Every structure is written in structure tokens, then in C-alpha cells.
1. Find how much the distance from A:Arg68 to A:His203 grows on full extension, using 0.36 nm per residue of separation minus their present alpha carbon separation; answer in nm with one decimal.
2. Could you tally the net charge around A:Thr133, taking each other residue with its Cβ under 14 Å from the Cβ of A:Thr133, Lys/Arg +1 and Asp/Glu -1?
3. Write out the trypsin sites (Lys or Arg not before Pro) in the range A:125-191 meeting two conditions: DSSP loop, and at most 12 other Cβ atoms within 10 Å of their Cβ.
4. Most fluctuating residue of A:Thr161, A:Thr133, A:Thr90 in a GNM of chain A with Cα springs under 10 Å: which is it?
5. What does the charge count near A:Asn2 come to, summing +1 for each Lys or Arg and -1 for each Asp or Glu among other residues with Cβ under 14 Å from its Cβ?
6. Quick check: the distance between the Cα centres of the range A:73-127 and the range A:172-251, to the nearest angstrom?
7. For the range A:1-100, which trypsin sites (Lys or Arg not before Pro) are both in a DSSP coil and crowded by at most 14 other Cβ atoms within 10 Å?
8. Taking C-beta distances below 4.7 angstrom as the pairing criterion, name the unpartnered cysteines of chain A, in sequence order.
Amino acid sequence: MNSLAARMPRVSEWLTRVRPDVLCVQETKLSDAAFPLAELEQLGYAAATHGDGRYNGVAILSRVGLERVDRGFAGEPGFPELERRAIAATCAGVRVWSIYAPNGRSLESPHLVYKLAWLRALRAALEHELAITDGLAVCGDFNVAPNEEDVWDPAAFAGSTHVSPAEREAISELLGLGLTDVQPRALKGAPFTYWDYRAGMFHRGCGMRIDLMLLDRALASRVQDAYIDRDARKGAKPSDHAPVVVELKPA
DNA sequence: ATGTCGTGGACGCCACGA
């Protein structure tokens with residue numbers, strides 16, 4: 001989102017047009033008290049929120065129910081304080097997680113150590129979740145491009161975060177739990193989900209696929225379509241990310 | 001690619017995070 005408050009006109013239009021059952025958002029930059037619950041309710045959506053105002057912040061919006069909300073997860077590390085990076089809820093029988101992995105900043109940064117520890121702890125929490133859940137979707141900004149084709153120019157990322165072997169291994173470890181990294185169709189251009197605001201990166205096609213939908217076997221077998229709504233990155237006051245949409249066949 | 005955003009705190013700008 002890069003601030004849900006700043007993005008509400010775009011989010012409102014998008015929810016009205018696309019009408020997803022569930023929308024996972026990250027980087028809301030909103031405290032729970034400031035969340036635009038009334039405006040979302042008018043659109044038919046309830047929200048489970050986990051934010052503290054200035055940085056981070058995650059939420060799940062749903063028009064098909066929102067039960068068993070959990071904020072954060074057991075064993076989640078902080079830096080050093082806990083940050084608002086994960087929320088889970090059950091929506092129409094599907095266990096949904098909205099997550100926002102730490103950025104990492106640079107290969108030498110203690111923030112990268114934190115990012116890797118956070119992803120390891122996420123794996124442990126999801127392993128437990130999978131043992132008691134049938135129908136799990138882990139959605140969000142993982143801040144990792146899992147494969148070479150997930151960045152516009154692998155050479156440009158030499159020495160950068162988001163593509164390092166350790167970060168990619170952390171994603172592989174998540175997939176090793178039995179989760180599928182759903183590969184979305186690109187409606188136009190390459191299948192990227194994020195483009196930096198600077199330097200005309202979007203218009204030059206210089207993006208990354210760092211926003212992932214990891215589905216367990218029960219849900220992966222029901223995928224009917226998956227795409228990136230690249231057009232949502234255009235126009236006035238866009239987020240720097242585009243929505244990833246997954247459509248499931250009825251159970 | 002380092003060219004833009006958004007935030008809060010203290011002011012019409014800066015520091016920070018991405």
C-alpha cells in the first residue's frame with residue numbers, strides 16, 4: 001500500500017471493480033484505531049487489522065467472513081521490538097495470512113539478519129499451521145524475488161538484497177512445507193508486482209515479482225486463474241506494487 | 001535505477017523507510 005490512507009481512493013475503486021472475496025494488504029502505515037473501517041463496510045468489507053501507525057502494518061479485508069483472527073505469530077522476531085508484519089484469519093473456511101517480510105536493506109545490514117530470522121520463524125509457524133489446517137493461503141510482500149526471471153535484469157541485482165542465495169533459500173524452505181508459489185499471468189508486460197517509484201522504472205519495465213501467493217495443496221489444486229493487475233500501478237497516486245489476484249474453483 | 005513516495009515532527013523542511 002505504502003499507506004492505505006493515501007491509497008483509499010484507489011483501493012475503493014479497485015474493490016468496487018474487482019470485488020475479491022478477500023484482499024490482503026501490507027504496509028498500511030495505519031494504527032488499528034485509524035483504519036477506515038466505515039468506508040470499507042460501505043463497500044461490503046470487514047477488516048482485521050494489525051498496525052501501529054508509521055511503518056509496516058498488515059490487514060485482511062473480507063466480504064465472506066473473518067474468523068479466528070491472530071496477530072503476529074509464535075516465535076516472531078523483532079528488531080528488537082516486534083513489528084506489525086503478520087495477521088491471519090479464516091475467511092469462508094480458508095485460512096488466510098497477510099504478511100510483510102522485512103526489507104533487508106543491504107547484504108551487510110543487521111536488517112538482513114533480521115529478515116532471514118523472520119522468514120525462518122515464519123516457516124516454523126506455518127509448519128504448525130499446516131498441521132492443523134486444510135486450505136491455507138499465505139499472501140503478501142515477501143521482499144524476495146524467488147527466481148532469476150522474477151527481476152527485470154539479474155545482472156543489475158548483483159550484490160543486492162531480494163535475490164541473494166540466503167533469501168531465495170528461505171523461500172524454498174517455505175515451499176518445502178508443501179506450499180505452491182502460484183505463477184500469475186502477466187496481463188501486459190513481464191509478470192512483475194513491484195516497480196520502484198524512482199527513475200521511471202515502471203514505464204521502463206524494470207520491476208520485480210516479490211508479492212507472492214503461497215497456497216497449500218488443497219488450494220493449489222483449485223486455482224482457476226492468477227494474474228497481476230498491472231494497470232493498478234498506473235494513474236494518479238498509485239502504490240508502488242500491483243495487486244496479485246488468484247481465483248479458486250469452488251471446493 | 002538511486003530520478004519518488006508517504007509519514008511524523010516540527011514547520012514549509014527534514015529524517016527516515018522503502
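1. On the way: separation 135, 0.36 × 135 = 48.60 nm, distance 4.13 nm.
Value of the extension gain: 44.5 nm.
2. Details: positive: A:Arg68, A:Arg95, A:Arg217; negative: A:Glu67, A:Asp70, A:Glu127, A:Glu129, A:Asp134, A:Asp216.
With Lys, Arg at +1 and Asp, Glu at -1, the net is -3.
3. Numbers: sites: A:Arg168, A:Arg185, A:Lys188; in loops: A:Lys188.
Those satisfying the criteria are A:Lys188.
4. Looking only at A:Thr161, A:Thr133, A:Thr90, the largest GNM fluctuation is found for A:Thr133.
5. Values: positive: A:Arg7, A:Arg10, A:Lys29, A:Arg54, A:Arg198, A:Arg233, A:Lys237; negative: A:Glu27, A:Asp141, A:Asp196, A:Asp211, A:Asp240.
Summing Lys/Arg as +1 and Asp/Glu as -1 gives +2.
6. Each part reduced to its Cα centre gives a spacing of 19 Å.
7. A:Arg54
8. Isolated Cys, chain A: A:Cys91, A:Cys206.
Bear in mind that the values in this text are calculations on the coordinates, not laboratory data. The structure displayed is predicted, hence computed values, not measured ones. Ideal geometry is used to build each Cβ from the backbone, glycine not excepted, and the neighbour counts take in all protein chains shown.
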